[in-house]
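> Quick one: this structure, given as structure tokens, is what I'll be asking you about.
The values are calculated or read from the model by the stated rules, or taken from the named source; none is laboratory data. Fair warning: this is a prediction, and the values are worked out from it, not measured in the lab. Here the Cβ positions follow ideal geometry from the backbone for every residue, glycine too, while neighbour counts run over all protein chains shown. Accessible surface is based on the protein model in full, side chains and every heavy atom, while ligands, DNA and RNA are left aside. Shrake-Rupley method; radii C 1.70, N 1.55, O 1.52, S 1.80 Å.
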Amino acid sequence: MTFPNASLFPETASVNAAGRLEIGGCDTADLAVEFGTPLYLFDEDTLRGMCREFVGEFTRRYDNTRVAYAAKAFLNPAIAIVIKDEDLALDVVSGGELAVAAAVDFPPDRVYFHGNNKTPDELRMALDFGIGRVVVDGFSELQLLDSLAREKGVVQDVMLRLSPGVDPHTHAHTTTGTLDSKFGIPIETGDAARAVHDAVRAPNLKLIGLHFHLGSPIFELEPYSIAIDTVLTFAAELVRDGLELEEFSPGGGFAIGYVTEQPPPPIADYAEVITSMLKRRCDDLGLARPRLVVEPGRSIVGRAGVALYTVGAIKDIPGVRKYVSLDGGMGDNIRPALYGAEYEAVLANRTSDGPKETVTLAGKFCESGDFLIRDIALPSLASGDLVAMPSSGAYAPAMASNYNLNPRPAMVMVKDGTARLIRRRESYKDMMLSDIF
Ligand code: LLP
């Protein structure tokens, strides 16, 4: 049996004969008993399916494409192993993400290092790892990396992250490619041209390409084509200054469905717009077609992840609001509080044909802004019921905290009826491990 918002859930989601939500062939009520809640489930088939869809849709249109998973959406060793196994590349933004890549022997030449303020220690770590590319974000990093590479006696491949000045119409907190941004080197001010000039002449750096990232999530296709046009036009002017465009990246930012009324464009549409613009403009401008690098994060891991919570306290304020509190909240998913992000949810442990009522799903953290969903129509919930929230794989566990010293949730990977623990629930002792008494 299927259910109305199934498109938001992993592709293996269904309702079984007992009327309970099943994912990856595992009954969610059984998982809650075995592993406790809050619990994050990752459906391996959906995760691998998304990797293959990206590679398939892009390489079908533009053979020389590399898909780099943006680790910031969520990375731990188990996820990194799947990404490596699917032959994707990896985009990391910190020494911590790099350490996970190293821990699973991710091929260094397929790792890209991003970030607007990489520390000297992180850059040294990347050089020691033999990282494929450092995506340089500004002048100070150009100088720093050149001198660190010189100390090490290597020549490091780099890309420059440019700011094309294109608004992708998403949340201000996650808009990155506009002029007023801490990310990227602006084209508009002339800085990007100066950075290309400096990078080409840096003795221990080899400039191999250009990168930009507009923001996330981007539901429109047009910002990609405008920005690709802008950056390629810029690149064509810089060829005489020694720029060789071997690689070109329009970043990530591909949307996923969080609520049924706002479906994302299919991956094929993003692939079509990006590859056709790239081909057309390169040909018009007389540029050799570079390798294309796309960096999906949310769209690889978002739909694969489902959060499972248990209903606890219920507070009804007649005529005002009914608060149904769950055993998680802003500690494992701060997105509603931070961005006003919207989600849907279902009652996972029993199908109910009864009337629906509008409730607010709140968390257990000591803050009034701690809610997961405001005003959602659900069957009447009782303490002990299980609530499943889809589209939770990206940026929710990645941004989790120990606020109020609540342990971060356990995680399981489900496939073909088997659930494999990929992160155990944190213990109180874990949370004190770095503390000194
Ligand atoms: N490449 C670069 C350089 C990025 O900065 C990002 C995301 C990505 C790729 C991947 O974007 P994606 O495909 O995942 O949309 N915490 C926010 C999202 C921040 C995104 C930061 N950069 C959220 O929860 O919505």
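> What ranking, highest mean first, results for peptides 347-357, 140-150, 255-265 when packing means the other Cβ atoms within 10 Å averaged over each residue? Intermediate results must be reported in sequence, preceding the final value.
On the way: 347-357: 14.7, 140-150: 18.1, 255-265: 16.3.
In descending order of packing, they fall as 140-150, 255-265, 347-357.
> Cα gyration tensor of the chain, axes a ≥ b ≥ c as square roots of the eigenvalues: rounded (a/c below 1.5), prolate (a/b > b/c) or oblate?
Verdict is prolate for the chain.
> How high is the relative contact order of the stretch 45-299, given as a whole-number percent (alpha carbon pairs under 8 Å, six or more residues apart)? Walk me through the intermediate numbers first.
Numbers: 494 pairs, mean separation 50.8, N = 255.
Relative contact order, the stretch 45-299: 20 percent.
> Go ahead and collect, in residue order, the members of the stretch 111-137 whose backbone nitrogen is under 11 Å from a label point 7 Å along the Cα-Cβ direction of residue 144.
Backbone N within reach: 115-124, 137.
> If you plug each phi of the stretch 100-111 into the Karplus form 6.51 cos²θ - 1.76 cosθ + 1.60 with θ = phi - 60°, what whole-Hz ³J(HN,Hα) values come out, in order, with x for Gly and Pro?
5, 4, 5, 5, 9, 6, 5, x, x, 5, 9, 10
> While we're on this one: Please give, to one decimal in nm, the separation of the simple spin-label points placed at residue 420 and residue 434, each 7 Å out from Cα toward the Cβ.
2.9
> Right, here's the next one. Determine the share of the stretch 45-299's accessible area contributed by carbon and sulfur atoms, expressed in whole percent, with a 1.4 angstrom probe.
49
> Can you tally the net charge around residue 20? Count Lys and Arg as +1, Asp and Glu as -1, for every other residue whose Cβ sits under 12 Å from the Cβ of residue 20.
Summing Lys/Arg as +1 and Asp/Glu as -1 gives -3.
> Does anyone have the angle between helix 44-61 and the longest principal axis of the chain? Alpha-carbon axes, 0 to 90°, nearest 10?
Approximately 30 degrees, to the nearest ten.
> Could you pull out every one of the aspartates and glutamates with an alpha carbon less than 12 Å from that of residue 322, ignoring same-chain neighbours closer than 8 positions?
Leaving aside aspartates and glutamates fewer than 8 places away in the same chain, those within reach of residue 322 are 357, 375.
> Can you give the angle from 0 to 90° between the axis of helix 267-285 and the longest principal axis of the chain, with both taken from C-alpha atoms, to the nearest 10?
10
> Apply 1/(1 + (r/R0)^6) to the Cβ-Cβ distance of residue 352 and residue 85, taking R0 = 35 Å, and write down the FRET efficiency to the nearest 0.05.
Computed FRET efficiency for residue 352 and residue 85: 0.35.
> What is the gain in length, in nm to one decimal, between residue 173 and residue 151 on full extension, counting 0.36 nm per residue of separation less the C-alpha to C-alpha distance?
Length gained, residue 173 through residue 151: 4.2 nm.
> Would you mind checking which residues have amide H under 5 Å from residue 163's amide H? H placed 1.01 Å from N; only 5 or more apart, or other chain.
Under 5 Å from the amide H of residue 163: 185, 187.
> Next up: Can you sort 418, 12 by solvent-accessible area, 1.4 Å probe, largest first?
From most accessible down to least: 418, 12.
> So, R0 is 35 Å and r is the distance between the beta-carbons of residue 197 and residue 272; what FRET efficiency does that work out to, to 0.05?
Between residue 197 and residue 272 the formula returns 0.50.
> What pairs from 84/279; 72/364; 206/279; 118/152; 152/206 go past 19 Å between their alpha carbons?
Correct reply: 84/279; 72/364; 206/279.
> Under a 1.4 Å probe, what is the accessible area of the chain per residue, stated in Å²?
So the chain comes to 41 Å² accessible per residue, rounded to a whole number.
> While we're looking at this one, here's another question. Enter the angle in degrees (range 0 to 90, nearest 10) between the Cα long axis of helix 222-238 and the first principal axis of the Cα atoms of the chain, meaning the one along which they spread out most.
20
> Through the Karplus equation 6.51 cos²θ - 1.76 cosθ + 1.60, θ set to phi - 60°, convert the phi angles of the stretch 394-400 into ³J(HN,Hα) values in whole Hz; use x for Gly and Pro.
9, 6, 7, x, 5, 9, 5
> Report the Cα centroid-to-centroid distance between the stretch 357-388 and the stretch 212-239 in angstrom, as an integer.
Computed from Cα coordinates, the inter-centre distance equals 40 Å.
> So, one more: Work out from phi, with θ = phi - 60° and the Karplus expression 6.51 cos²θ - 1.76 cosθ + 1.60, the ³J(HN,Hα) of each residue of the stretch 66-71, listed in order in whole Hz, and give x for Gly and Pro.
For the stretch 66-71, the Karplus-derived couplings read 10, 9, 10, 5, 7, 4 Hz, x marking Gly and Pro.
> How much net charge surrounds residue 76 when only other residues with a Cβ under 12 Å from its Cβ are counted (Lys, Arg +1; Asp, Glu -1)?
Around residue 76, the charge tally is +2.
> I want to make sure I understand the PRE zone here: with the label point 7 angstrom from the Cα of residue 239 toward its beta carbon, which residues in the stretch 280-297 have backbone N atoms less than 20 Å away?
Within reach of a label on residue 239: 280-293.
> Check residue 371: other-chain or 5+ apart residues with amide H under 5 Å from its amide H, H built from backbone geometry?
Answer set, sorted by chain and number: 337, 363.
> Follow-up. Would you compute, from DSSP H runs of 4+ residues alone, the mean residue ellipticity of the chain at 222 nm, taking -39500 (n - 2.57) per run and dividing by the full residue count, rounded to the nearest 500? Could the numbers behind the result be given before it?
Numbers: 12 runs with 129 residues, N = 437.
For the chain, the value works out to -9000 deg cm²/dmol.
> Among residues other than residue 45 whose Cβ falls under 10 Å from its Cβ, what is the net charge (Lys/Arg +1, Asp/Glu -1)? Intermediate results must be reported in sequence, preceding the final value.
Working: positive: 48, 415; negative: 11, 43, 44, 416.
Net local charge, residue 45 excluded: -2.
> Turning to a different aspect of this structure: For residue 205, enumerate residues with amide H under 5 Å from its amide H, sequence gap 5+ or separate chain, H modeled in the peptide plane.
Correct list: 156.
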